[in-house]
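In what follows, a structure is listed as structure tokens, so that the remarks can point back to it.
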Amino acid sequence: AYERVLEIHKQHLSPILTAYFPKPLLLHQGHKEWLFDYEGNRYLDFFSGIVTVSVGHCHPKVNAAAQKQLGRLWHTSTLFFHPPIHEFAEKLSALLPEPLKVIFLVNSGSEANDLAMLMARAHSKSTDIISFRGGYHGGSSSTLGLTNVGSFKTELSSGLGCQSTMCPDVFRGPWGGSHCRDSPVQTIRKCSCAPDCCQAKDQYIEQFKDTLNSSVAKSIAGFFAEPIQGVNGVVQYPKGFLKEAFELVRERGGLCIADEVQTGFGRLGSHFWGFQTHGILPDIVTMAKGIGNGFPMAAVVTTPEIANSLAKSVLHFNTFGGNPMACAIGSAVLEVIKEENLQENSQEVGTYMLQKFAELRDEFEIVGDVRGKGLMIGIEMVKDKMSRQPLPQEEVNEIHDNCKRMGLLIGKGGIFAQTFRIAPSMCITEPDVKFAVEVFRSALTQHRD
Ligand code: PMP
């Protein structure tokens, strides 16, 4: 039966949909942080979809809410009102600071960022939208203009005024061409803890200013930034950098958009939203993934003024956005995060996890960097610590596959797909972390020996 699945996949599914692992996993069940395949094997899911399953697979409370709504009403379009959307809107807006209180519901992160672009243009009356090198903001033809990570970057994007050439070539992250490339190992380690590294901030700000002055129109419509770059391999900005970047954009009339698709909903532990960890207040916040625990839904939250600017400029709707199923699920997810103290769990277990994985940096020459916050951790693999060259792809894949064989699923990211990404559901426990670290350590030992 497995061979048949592979055959159908090859014949009928786009070749662009590449699966992880030489022998792709055929999954049939999930329970909290665990996944089960058809051969009866159990895996600890430390990537939770792609940072999506926020409260755990098939959470009973979320399932119950979905089932209840399933028997009542699935769909109305945005032309009619229904209680789940109002319940959800009230719950979600309560989690955002003033004046971010107006919500527009859509179905994916790309759609959310598309809409945020439209809002920024409608409000600012400018067209140019900018983002960071290394940012991932979606796969639609307009958001691809903002996405600038490795092979995702393409000239095929048709984003008006947001071609990837407009992306400031400013921020590459601590290991991809930063200030401390030539420093000795100890300094590298210190600098790679980007949040504490003020030394880099001024340099990046100067570059950012140069880019704004040279390659971007005088007025900017909007600026997109992830609070931590996810797809790029969990890359953090130097402390204070994002705040100053926001100020520079605002001086040029641009709106600041926090892409919380990966960082929102308590994943970073110390705060519910990633932007709060930088002490900044965006004009627009986009969110997806964890919002529906894997159910397709997403949202754009903004101020009444910006929402009105869009309403005055264009007629806009979204057939499936804010459908009753999604909203019922979204409300249940928010309740679970609160009732089960999952943000606090992200903070506690995340701190422990970062510390445990960081120990491997001292044990193995190929572990170049371990970084992140809460339950969003990146482990950057290198040939050796001095050269800082990315570990060759075959070797990264072998470690990745060996983790899977031992029951641990993790993600990959970064320009050369050289960084392992760890972003489990927020319900994980310390014993889960111990298991994951031991499996990862064994995979590294196998590689070394
Ligand atoms: N923004 C960020 C930060 C993302 O990580 C992603 C998806 N990886 C998106 C936007 C796009 O979301 P989607 O795939 O749901 O369109």
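The values are calculated or read from the model by the stated rules, or taken from the named source; none is laboratory data. Computed from a prediction, not measured in an experiment: that's the story for all the values here. Positions of Cβ are generated from backbone atoms using ideal geometry, with glycine treated the same way; all protein chains shown enter the neighbour counts.
For the range 203-246, a residue qualifies if it is in contact with a strand residue (DSSP E or B) (Cβ under 9 Å, 6 or more places away or on another chain), of a type outside the set (S, T, N, Q) and either more than 16 Å from the ligand (Cβ to nearest atom) or assigned to a helix (DSSP H, G or I) (or both), and the qualifying residues are LEU212, VAL216, ILE220, ALA221, LEU242, ALA245, PHE246.
Go through ALA89, ALA116, ALA112 for me and flag whichever is away from the ligand (no atom under 14 Å from the Cβ), hydrophobic (A, V, I, L, M, F, W, C) and either crowded, with 22+ Cβ neighbours inside 10 Å or in the same structural domain as THR211 (by TED's automatic domain parsing) (or both). Break it down stepwise before answering.
Numbers: ALA116 fails: away from the ligand (no atom under 14 Å from the Cβ); ALA112 fails: away from the ligand (no atom under 14 Å from the Cβ).
Testing whether each residue is away from the ligand (no atom under 14 Å from the Cβ), hydrophobic (A, V, I, L, M, F, W, C) and either crowded, with 22+ Cβ neighbours inside 10 Å or in the same structural domain as THR211 (by TED's automatic domain parsing) (or both) leaves just ALA89.
Confirm whether LEU268 is crowded, with 24+ Cβ neighbours inside 10 Å, within 16 Å of the ligand (Cβ to nearest atom) and not in a loop (DSSP other than H, G, I, E, B). Spelling it out, it is not the case that LEU268 is crowded, with 24+ Cβ neighbours inside 10 Å, within 16 Å of the ligand (Cβ to nearest atom) and not in a loop (DSSP other than H, G, I, E, B). Could you go through the range 409-430 and let me know if any residue there is surrounded by fewer than 22 Cβ atoms within 10 Å (Cβ to Cβ) and of a type in the set (S, T, N, Q). Yes. Criterion applied to VAL62, VAL55 was being away from the ligand (no atom under 16 Å from the Cβ), within 20 Å of the chain's Cα centre (by Cα), buried (at least 20 other Cβ atoms within 10 Å of the Cβ) and outside any strand (DSSP E or B), and the one residue passing it is VAL55.
If you check ARG441, ARG388 for being assigned to a helix (DSSP H, G or I) and surrounded by fewer than 23 Cβ atoms within 10 Å (Cβ to Cβ), only one passes: ARG441.
Contact annotation: residue pairs with Cβ atoms under 8 Å, 6 or more positions apart or on different chains, pairing a residue in the range 391-415 that is closer than 11 Å to MET381 by Cβ with a partner that is acidic (Asp, Glu), are GLY414/GLU380. Is it the case that the range 305-317 has a residue that's of a type in the set (Val, Ile, Thr) and modelled with pLDDT under 95? Within the range 305-317, one or more residues are of a type in the set (Val, Ile, Thr) and modelled with pLDDT under 95. Considering only residues in the range 119-139 that are at pLDDT 90 or above and assigned to a loop (DSSP other than H, G, I, E, B), the one that is farthest from the ligand (Cβ to nearest atom) turns out to be LYS125.
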